[in-house]
Amino acid sequence: MVMQELSQEACLTTIAEREVPQSARMASERVAVVFTQSWCPDWSVMRRYLDGLDEPGLTVFFVEYDRQPFFQEMMAVKETAFENYQIPYVRYYRDGALVSESNLVFMKRKFLKRFDARR
């Protein structure tokens, strides 16, 4: 598994298109994108197990948008286009298609199960 920060270019595309760009959604068979703020204690909980998650075919992107120059714009997209006011907010993609969304997930088993959901 790879966990990496969503690039500034991908973030700006997300803001402009109101969806995570296909290049990120197709990074592997299963992709999760976490939108959060650096101070969030729930993000700290998730990050602990995500950092150590060894799962083939899974890529996890994250953006701590409070640390970015586009803070307000990203928050607006999350709250209006994605209709979610809580953090962390996670979008789950399988083969590039959105299959689930969530906020805090305490256990890695439940996190991985989200990829089996169908919208």
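Identify all residues within the range 35-46 that are within 18 Å of S7 (Cα to Cα) and either among the hydrophobic types (A, V, I, L, M, F, W, C) or not in a strand (DSSP E or B) (or both); write none if there are none.
Across the range 35-46, the qualifying residues are F35, Q37, S38.
Go through the range 102-113 and report how many residues are within 13 Å of the chain's Cα centre (by Cα) and either in contact (Cβ under 8 Å) with a residue 60 or more places away in the chain or closer than 17 Å to P21 by Cβ (or both).
3
Can you find a residue in the range 54-63 that is touching a strand residue (DSSP E or B) at 6+ places or on another chain (Cβ under 9 Å), farther than 15 Å from Q4 by Cα and crowded, with 16+ Cβ neighbours inside 10 Å?
Checking the range 54-63: not a single residue is touching a strand residue (DSSP E or B) at 6+ places or on another chain (Cβ under 9 Å), farther than 15 Å from Q4 by Cα and crowded, with 16+ Cβ neighbours inside 10 Å.
Just the residues that are touching a residue at least 12 places away in the same chain (Cβ under 8 Å), more than 17 Å from R18 (Cα to Cα) and surrounded by fewer than 16 Cβ atoms within 10 Å (Cβ to Cβ), please, taken from the range 69-101.
Across the range 69-101, the qualifying residues are Q86, D95.
No value in this document is a laboratory result; all are computed from the given coordinates. Treat the numbers as computed from the prediction; the structure is a model and nothing was measured. Reconstructed Cβ throughout: ideal geometry from the backbone, glycine too, with neighbour counts over all protein chains shown.
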